[in-house]
Amino acid sequence: QGNYWVGTSQGISVINAQTNKILFVPIPSYSSKSIKTEVNNLYLSSEGTLWIASGSGLFTLSPEEIKNVFKKIPQPVYFKTQNNKHNSGVMCVHEDKISRGIMWLGTGVGGIVKLVSKKDKNIYTNHL
């Protein structure tokens, strides 16, 4: 509320519109070989969750809990390249306006992916 969220090549900058103070939130990297922390897309869902598409994968962030922010969402197997190398890059994320609880992901190597979040697991369906 009253903040600007800006995705950068190093993470997220949260700008307080009233004070002009900037808080930097880094994206965690889960790869020891290459660090891809760039934020490709930010999306605020109807439930108030901020979805973050990044080179390191897909994350969620609750703006109210910015001190302890990131929850990693596991990547499915088809986020691998043809050479079977892991690529968790998510380019964009968007909420389905008709079917509640469904997110659509644009990935670097997996095409368009439908994500249905359940309480105990996530269901991914590839839609190339």
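The values are calculated or read from the model by the stated rules, or taken from the named source; none is laboratory data. Quick caveat, the model's predicted, so the values are computed rather than measured. Don't worry about glycine lacking a Cβ; one is built from the backbone with ideal geometry, like all the others, and counts go over all protein chains shown. Please note that ligands, DNA and RNA were not included when accessible areas were found on the heavy atoms of the full protein model with its side chains. Shrake-Rupley method; radii C 1.70, N 1.55, O 1.52, S 1.80 Å.
Remarks
- With a 1.4 Å probe rolled over the protein heavy atoms of all chains, the accessible area of Glu95, Glu47 falls in the order Glu47, Glu95, largest first.
- Total formal charge among the other residues, if their Cβ is under 10 angstrom from that of Met103, Lys/Arg +1 and Asp/Glu -1: -1
- Potential lengthening between His94 and Tyr4 on full extension [0.36 nm per residue; Cα-Cα distance subtracted]: 30.5 nm
- Qualifying trypsin sites (Lys or Arg not before Pro) in region 97-128, DSSP loop, other Cβ atoms within 10 Å at most 15: Lys97, Arg100, Lys118, Lys119, Lys121
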